[in-house]
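Asker: Sharing a structure here in structure tokens format.
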Amino acid sequence: MLGWLGDKKGIQPHVPVWDKAQRQDGSFSRTDFVWNEQRNEYCFPTGKVLRGDWRPFKNPRAHITKADTVIYRASVHDCASCPLKARCCRDTPTRKIARSVHESA
């Protein structure tokens, strides 16, 4: 809705948005990762990246879920050798971050 107001209608929205990016369990939050818009990836504090498309497909894909998000994932190799894995993704093999396609709003 905010993207539609700003991008499509040219209206500057003044609506409070709940930020649910902070985690309560002591693990790294989404805000600990740096978003690089030009490269379309998140960068972890150790320098490793999370990407939405790790390999090319014969039939190009949009990588957009039904919830209008793109899932950015780290590589299994990067997560397995990371000294900060216990604070990042202790219960899963890799870290992933969902980013809304309307995030710029």
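Asker: Could you check G47 against (1) assigned to a loop (DSSP other than H, G, I, E, B); (2) loosely packed, with under 12 Cβ neighbours inside 10 Å; (3) on the phi < 0 side of the Ramachandran plot; (4) free of Cβ contacts under 8 Å to residues at least 24 places away in the same chain and say which number it fails?
Answerer: The number of the failed condition is (3).
Asker: Go through the range 89-98 residue by residue and tally those that are surrounded by 13 or more Cβ atoms within 10 Å (Cβ to Cβ), modelled with pLDDT under 90 and basic (K, R).
Answerer: 0
Asker: Going through the range 45-59 one residue at a time, which ones are closer than 15 Å to A98 by Cα and modelled with pLDDT of 90 or more?
Answerer: V49, L50, R51
Asker: Follow-up. Restricting to the range 25-43, give me the number of residues that are at pLDDT below 90 and within 12 Å of C88 (Cβ to Cβ).
Answerer: Of the residues in that region, 7 qualify.
Asker: Of everything in the range 29-42, what is crowded, with 16+ Cβ neighbours inside 10 Å and in a loop (DSSP other than H, G, I, E, B)? Give them in sequence order.
Answerer: F33
Asker: Also, I was wondering about something else. So A86 fits all but one of (1) of a type outside the set (D, E); (2) surrounded by 13 or more Cβ atoms within 10 Å (Cβ to Cβ); (3) more than 12 Å from the chain's Cα centre (by Cα); (4) over 15 Å from F33 (Cα atoms); what number is the exception?
Answerer: (2)
Asker: Counting just the residues of the range 50-79 that are surrounded by fewer than 11 Cβ atoms within 10 Å (Cβ to Cβ) and of a type in the set (A, V, I, L, M), which one comes out farthest from R30 (Cα to Cα)?
Answerer: Here the residue is A62.
The values are calculated or read from the model by the stated rules, or taken from the named source; none is laboratory data. If you're wondering where the values come from, they're calculated on a predicted model, not measured in any experiment. Heads up, the Cβs are rebuilt from the backbone with ideal geometry, glycines too, and the neighbour counts pull from every protein chain shown.
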